[in-house]
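Below: one structure, written as structure tokens.
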Amino acid sequence: MKQVTGIVLFIAILLSACGKDGSRQIVFNAEKLFNQAEREYNKATIKPELVTPERLAPVMDKYRQVLRYCYAEFDSIGYDKYPEDRRNLESIAYVSADKLARLYTGQGKYDSSIAVLQQLLAMTSLTGKSLMNAKADLAGSLQMSGDWLGALGIYRSLIDTFYPPVDNNGDIIYRILNLPIRLIKTSELLNFPEETKKEIGSAERYYIRLINEWPNSELANASRSNLAALYADMERWDDAIETLSSITDSTGAVDLWAAVRMAEVYAQGKMQPRRAAELYTSLISREADSTRQAGLYSRLGKTYYDMGDYKKCRETMTFIKDNFRSYYAQDPSPQKYIAMSFAGDKDWDRAENEYQWLITNFPQTEEAFTAFLDIIDHYDKDKNSRLRDNWLSRADEFYNEMATRHAGSSLEASALSFKAEVAKRRGDWPQAAKFLELLYRKFPGTDSGRMALTKAAAVYREKLDNVARADSLLNLLRPEI
């Protein structure tokens, strides 16, 4: 009898070992298929300019093969017997589905991306960041397909599921922490006033709860930062200042970033630039880092300009130029405000010289781009049509050169936007709309592209009396918001 029992036990151990080896072999096979798909992907995308849907089709089929294999083998590897191998197999399925869904999204095939992610979530028991990313990507695809309500439901579930928004290491998950603010912005852009009001209330309660439940933590300070931004957007200036004042550093003093934000609220929200200038001055005296000091001086100079004290603005920006040379060489703002301060003091000859210095020495910056418009607007106001037209032509040449030399970059996007501004100043509204639509077509899915399409719609509606065209452009934009 003992011999029989021993044989049975031996067979059981042997079968268990075989089962374990079998589950590991399944994971190994899945890894092998995934690595093959990755090699095909890297080969197909080695030259981004040559990537086409046709070139990616066999790559995508490789990822689909990985998923088919994983899903077919899930029943062979149960969580009850082989939890580690099952988790590994689900991880391979996750990275494959993630890659495939992103490729579909890149081709505008949002329904296919949605199907891939929904199947993944239905077939697996993902946890942690994998679950968060899969759900967030699914919500993003639903949003891009035009199903905002479906996306909204998932976004809200993410906020509830990942509470508090920290990972296993205690690090803040900013993708979740910032989500309430994003939902407000999206509802505003979609012109859903009641939904926006609801999201604002939810966001305020969410951040206050985090602050109260995790006081004196990095999470509480990050929540205060978002709450202050929310109050500022609502023009609740005093609430924003009070919230920012409670963000402190290790010494107990108001955190530098929070103090700077408070100064901005005083200057731009409460319209108290003198109070902002006092705050910047006190921050300069406590700051030892030269780069941060230079940044604070720059903000102080801008505040003097807003106060109409052009002399102090110029003195402050010149001080930066003379004493913080590396900062001045990298930031065109001081030079821009030197030019603007001369214009404010009605010394136009000096102002134009400083603007030209700005254009020559900082050509690849937004400040140089706007310098042309400042000069054009001055001569337009001065009714000097000859110099106005001369600078319009120079602006066109400059923007054309920048667009050509920096094709495909953010500089080309800026150049197209400014070419539209030049067309507006000529009164050529059809041409302005054309450049804005071109910007969107060249840079879809970007903030500059979306803004350009919004401006183009406004031109069609307000200047060209073409409401139908305006609405059609906004319909293109709606899924991207």
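Please treat every number below as a calculation from the coordinates, not as lab data. Computed from a prediction, not measured in an experiment: that's the story for all the values here. Note: ideal-geometry Cβ built from the backbone for every residue, glycine included; neighbour counts use all protein chains shown.
If you build the Cα gyration tensor of the chain and take the root of 5 times each eigenvalue, what three semi-axes come out, in whole angstrom, biggest first? List each step's numbers first, then the result.
On the way: eigenvalues 562, 191, 97 Å².
Its equivalent ellipsoid spans semi-axes of 53, 31, 22 Å.
Gain in length, Tyr71 to Glu462, computed as 0.36 nm per residue apart minus the alpha-carbon separation, to one decimal in nm? Write down the numbers at each step before the final one.
Values: separation 391, 0.36 × 391 = 140.76 nm, distance 5.47 nm.
Going from the current span to full extension adds 135.3 nm.
Per-residue HN-Hα couplings for the range 81-92, Karplus 6.51 cos²θ - 1.76 cosθ + 1.60 at θ = phi - 60°, whole Hz, x for Gly and Pro?
Karplus values, whole Hz, x for Gly and Pro: 9, 10, x, 5, 5, 5, 4, 5, 5, 5, 5, 5.
Counting Lys +1, Arg +1, Asp -1, Glu -1, what net charge surrounds Ala220 among other residues with beta carbon under 14 Å of its beta carbon?
-2
How large is the helix-only mean residue ellipticity at 222 nm for the chain, computed as the sum of -39500 (n - 2.57) over DSSP H runs with n ≥ 4, divided by its residue count, in deg cm²/dmol to the nearest 500?
That comes out to -26000 deg cm²/dmol.
Report the gain in length on full extension from Val95 to Ala57: 0.36 nm times residue separation, minus Cα-Cα distance, nm rounded to one decimal. Write down the numbers at each step before the final one.
Values: separation 38, 0.36 × 38 = 13.68 nm, distance 1.79 nm.
Net length gain for the segment: 11.9 nm.
Return the sequence-ordered ³J(HN,Hα) values of the range 359-364 in whole Hz as given by the Karplus equation 6.51 cos²θ - 1.76 cosθ + 1.60 applied to θ = phi - 60°, using x for Gly and Pro.
5, 6, 9, 10, x, 9
Sketch the reach of a paramagnetic label on Arg350 as a point 7 Å from Cα along Cα-to-Cβ, and name the residues of the range 272-305 whose backbone nitrogen lies under 18 Å away.
Residues 301-302, 304-305 qualify, since their backbone N sits under 18 Å from the label point.
When you take every Cα atom in the range 117-266, what is the radius of gyration, and what is Dmax, the widest Cα pair distance, in Å?
So, for the range 117-266, Rg and Dmax equal 16.8, 53 Å respectively.
Could you run the Karplus curve 6.51 cos²θ - 1.76 cosθ + 1.60 with θ = phi - 60° over the range 339-351 and give me ³J(HN,Hα) per residue in whole Hz, x for Gly and Pro?
5, 5, 5, 5, 4, x, 8, 6, 9, 5, 4, 5, 4
If you bin the C-alpha pair distances of the range 320-451 every 10 Å from 0, what whole percents do you get?
Once binned at 10 Å, the Cα pair distances of the range 320-451 give 13, 39, 33, 14, 1.
Dipole size in debye (nearest 20) for the chain around its Cα centre, Lys and Arg Cβ +1, Asp and Glu Cβ -1?
Values: 64 positive and 67 negative charges, 155 e Å.
The calculated dipole for the chain is roughly 740 debye.
Collect residues whose amide H, placed 1.01 Å from N in the peptide plane, falls under 5 Å from the amide H of Thr248; neighbours closer than 5 in sequence don't count.
Asp255
In 10 Å bins starting at 0, how do the alpha-carbon pair distances of the range 22-157 split up by percent?
Histogram of Cα-Cα distances, whole percents per bin: 12, 39, 33, 14, 1.
Two decimals, Cα atoms only, Kirkwood Rh: what is Rg/Rh over the range 377-481?
Values: Rg = 14.6 Å, Rh = 14.3 Å.
Rg/Rh for the range 377-481 comes to 1.02.
Which cross-chain or sequence-distant (5 or more) residues have an amide H under 5 Å from the amide H of Val166, H modelled 1.01 Å from N in plane?
Amide H neighbours of Val166: Ile173.
Between rounded, prolate and oblate, where does the range 267-362 land on the alpha carbon gyration tensor, with a ≥ b ≥ c its root eigenvalues, rounded for a/c under 1.5, else prolate if a/b exceeds b/c? Working shown, then result.
Numbers: a/c = 2.40, a/b = 1.23, b/c = 1.95.
Here the range 267-362 falls in the oblate category.
Quick one: compute a quarter of the convex hull surface over the Cα atoms of the range 162-236 and quote it in nm². Mind dumping the intermediate values first?
Numbers: hull surface 19.8 nm².
Averaged projected hull area, Cα only: 4.9 nm².
To the nearest 10 degrees, how steep is helix 148-161 against the longest Cα principal axis of the chain, on a 0 to 90 scale?
Tilt of helix 148-161: around 70 degrees.
Which residue, chosen from Ala232, Ser76, Gly153, occupies the Cα position most advanced towards the positive end of the dipole of the chain, where the dipole is computed from +1 (Lys, Arg) and -1 (Asp, Glu) charges on Cβ about the Cα centre?
Looking along the dipole axis, the top candidate is Ser76.
Quick one: which residues, 5 or more positions from Asn466 or on another chain, have an amide H under 5 Å from its amide H? H modelled 1.01 Å from N in the peptide plane, none for Pro or chain starts.
Distant-sequence amide H within range of Asn466: Arg461.
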